[in-house]
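In what follows, a structure is listed as structure tokens, so that the remarks can point back to it.
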Amino acid sequence: MFVAGGLGANPHPAQALEDFTTREDLLPTIEACLRTFDHYGNRDNKIRARMKWLVDTMGIDELRERIVKERSSCAPRAAGPAAFPSRCARWATRPRAASRSRRPAPSRASR
């Protein structure tokens, strides 16, 4: 999983958070990234309200440490539809179409 990348006038390459994030740790890791930014990110300046600026201020090692520490406090969640909040359950359990097809062209007889 990569974090803190960004484009724009001051591009920053994304940094690897860890070598491998398991499926079970994926949602807690995402939540930990959001919580870490919420705690330490710059909300006063809209331009600086990006995680890439946390890397500049505290360094990637400190950011990794804080995210992993925050992840340990996040409750583990089950994989699959049970991992989604109840308001998202209808999209998580809905079967997906194999491919999106366009509307069929009208036949010549219906013209």
As an exercise, find the ratio Rg/Rh for segment 1-66 from alpha-carbon atoms, using the Kirkwood inverse-distance average for Rh. 0.96
List the residues, sorted by chain then number, that are 5 or more residues from N42 or on another chain and whose placed amide H is less than 5 Å from its amide H. R50
Protection proxy ranking of 29-35, 59-65, 16-22, 6-12 - average other beta-carbon atoms within 10 Å, highest first: 29-35, 59-65, 16-22, 6-12
Of the residues P28, S72, I47, the Cα lying farthest along the dipole of segment 12-72 towards its positive end, which is defined by charges on the beta carbon of Lys, Arg, Asp and Glu, belongs to I47
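What is the sum of charges around F37, taking Lys and Arg as +1, Asp and Glu as -1, for the other residues whose C-beta is under 15 Å from the C-beta of F37? Present the calculation step by step, with values, prior to reporting the outcome.
Numbers: positive: R35, R43, K46, R48, R50, K52, R64, R66, K69, R71; negative: E31, D38, D44, D56, E62, E65, E70.
Neighbourhood net charge equals +3.
Coordinate-derived values only; no laboratory data. Because the structure is a prediction, the values reported are computed rather than measured. Note that we place each Cβ from the backbone using ideal geometry, even for glycine, and neighbour counts take in every protein chain shown.
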